[in-house]
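Enquirer: Sharing a structure, written as structure tokens. Questions coming.
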Amino acid sequence: MVNNYHIPVLLNEVIEYIINPSIENHIIVDCTVGGGGHSLEIAKRILPSGKLICVDRDENAIYYSQKRFKECLIKAEFLKGNFSNLKELLLKIKINHVTGILLDLGLSSYQLENEDGFSFMRDTELDMRVDKTQKLKARDLINKFGKKELEFIFKEYGEIKNYKKLTNLIIKSRKSKNVNTTFDFIEILKKGFGNNIKENFLAKVFQALRIYVNSELDNLKKVLRDSLTLLINGGRIVVISYHSLEDRIVKNFFKENSMKKVFCDGMQYKLLKILTKKPIVPSLNEIRTNRKSRSAKLRAAELIICK
Ligand SMILES: C[S@@+](CC[C@H](N)C(=O)[O-])C[C@H]1O[C@@H](n2cnc3c(N)ncnc32)[C@H](O)[C@@H]1O
């Protein structure tokens, strides 16, 4: 199968960090399987003695990657669900400890190019739900949310300086016409910010809506917390983030937990050992062949309960 779905970012680096060579029987959970690019390579290295669990919130991703695995005759367990419920998802298959947790945040190329609302380049419904069973769509925010809520979303999740002007514009425009599509929304933005709105500005506005609709930052904080009880001694967590809000959460979480101490056999250890002093970023060559990788930052840490 030709992989147009998504090109995995920092593939070799993910493999290097997620597999602790001193552990024998791996149980690795890829919380964001997408097109299965990272998962397939992990599976090749840890099967048959190990186990791979693939999670995604998006039904299409589960369907596609499951099919891809079947064609490659590689076995894995697939679970559709939100990684913020990782403990509960794993309990369903009677797993309460793992040796590795991978989070490759954001969207796949398939989602950006085919699913509704994510791209400001295509005229589609202003939807932006990763999980299509969820009720709230991005257009509901634009049509129904109050001033304070919209200001908060654009300020906190888009880091937009003109968040007040943007909110006032939306509130004024929606009185005469409901917003249903991405282009309806962009029409409104053009009224206030001119016909030549910068792509960077549009990207920030769309990012803010997407983060809110999918509770992206809360989901990330929850799975990071859960990783501390799910990982075994020496187990590793690897996170690839694509914007500064996510990266800051991961960086601070690793830092805080690397300062906590655990006691074992009269010795004191750090709870998390940070494996990447600085975030790992794609090489120029990777960025040249896959432009979507350009904002990626990888951070990895290892849980130390006892040496
Ligand atoms: C960048 S893609 C992953 C690509 C994948 N690593 C690959 O190699 O093809 C991110 C994936 O995470 C999924 N996702 C985003 N938020 C999620 C969440 N809270 N729970 C589970 N999956 C999520 C998206 O649906 C998407 O498929």
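Enquirer: Can you tell me the order of 16-25, 108-117, 155-164, 194-203 when each peptide is scored by its average per-residue count of other Cβ atoms within 10 angstrom, highest first?
Expert: Taking the mean over residues of other Cβ atoms within 10 Å, the ranking is 108-117, 155-164, 16-25, 194-203.
Enquirer: Can you list, by residue number, the Cys in the chain that have no neighbouring cysteine C-beta under 4.7 Å?
Expert: Cys31, Cys54, Cys72
Enquirer: How tilted is helix 163-173 with respect to the longest principal axis of the chain? Cα atoms for both, answer in degrees (0 to 90, nearest 10).
Expert: 50
Enquirer: Helix 199-213: angle to the longest alpha-carbon principal axis of the chain, degrees 0 to 90, nearest 10?
Expert: Taking Cα atoms only, the helix is inclined about 70 degrees.
Enquirer: Hey, another quick one. Excluding Pro282 itself, calculate the net charge of residues whose Cβ lies under 12 Å from the Cβ of Pro282, where each Lys or Arg counts +1 and each Asp or Glu counts -1.
Expert: Around Pro282, the charge tally is +3.
Enquirer: Counting only residues 5 or more places away or on other chains, whose amide H sits under 5 Å from the amide H of Gly235 once H atoms are built in the peptide plane?
Expert: Amide H neighbours of Gly235: Leu303.
Enquirer: Considering Cα pairs under 8 angstrom that are at least six residues apart, work out the relative contact order of the chain and quote it in whole percent.
Expert: Relative contact order for the chain comes out at 19 percent.
Enquirer: Something else: Using Cα pairs under 8 angstrom and six or more residues apart, how large is the relative contact order of the range 214-307, in percent?
Expert: With pairs under 8 Å counted, the relative contact order is 38 percent.
Enquirer: If you don't mind, another one. So for the chain: antiparallel DSSP bridges make up what percent, rounded to the nearest 5?
Expert: Here the antiparallel bridges make up roughly 45 percent for the chain.
Enquirer: Give me the net charge for the shell around Asp116: Cβ to Cβ below 9 angstrom, other residues only, Lys and Arg +1, Asp and Glu -1.
Expert: So the environment of Asp116 carries a net charge of 0.
Enquirer: Let me ask you something else. In degrees between 0 and 90, to the nearest 10, how far off the longest principal axis of the chain does helix 182-193 point, with axes built from Cα atoms?
Expert: The two axes meet at around 60 degrees.
Enquirer: Sequence neighbours fewer than 8 away in the same chain don't count; with that in mind, list the lysines whose C-alpha is under 21 Å from Lys80.
Expert: Lys51, Lys67, Lys70, Lys92, Lys94, Lys132, Lys135, Lys137, Lys221, Lys222
Enquirer: Let me ask something else. What is the pair-distance distribution P(r) of the chain, computed from all Cα-Cα distances in 10 Å bins starting at 0, with each bin given as a whole percent?
Expert: Reading upward from the zero bin: 6, 26, 32, 22, 11, 3, 0, 0.
Enquirer: From the Cα gyration tensor of the range 151-245, with a ≥ b ≥ c the square roots of its eigenvalues, which class applies: rounded if a/c is under 1.5, or else prolate if a/b is larger than b/c, or else oblate?
Expert: prolate
Enquirer: Another question about this same structure. Any idea what diffusion coefficient the range 200-307 gets from Stokes-Einstein, in µm²/s, Kirkwood Rh on alpha carbon pairs, 10 °C, 1.306 mPa s?
Expert: 103
Read the figures in this text as sums done on the coordinates, not as results from a lab. Values in this document were obtained by computation on a predicted structure and should not be read as measured data. Reconstructed Cβ throughout: ideal geometry from the backbone, glycine too, with neighbour counts over all protein chains shown.
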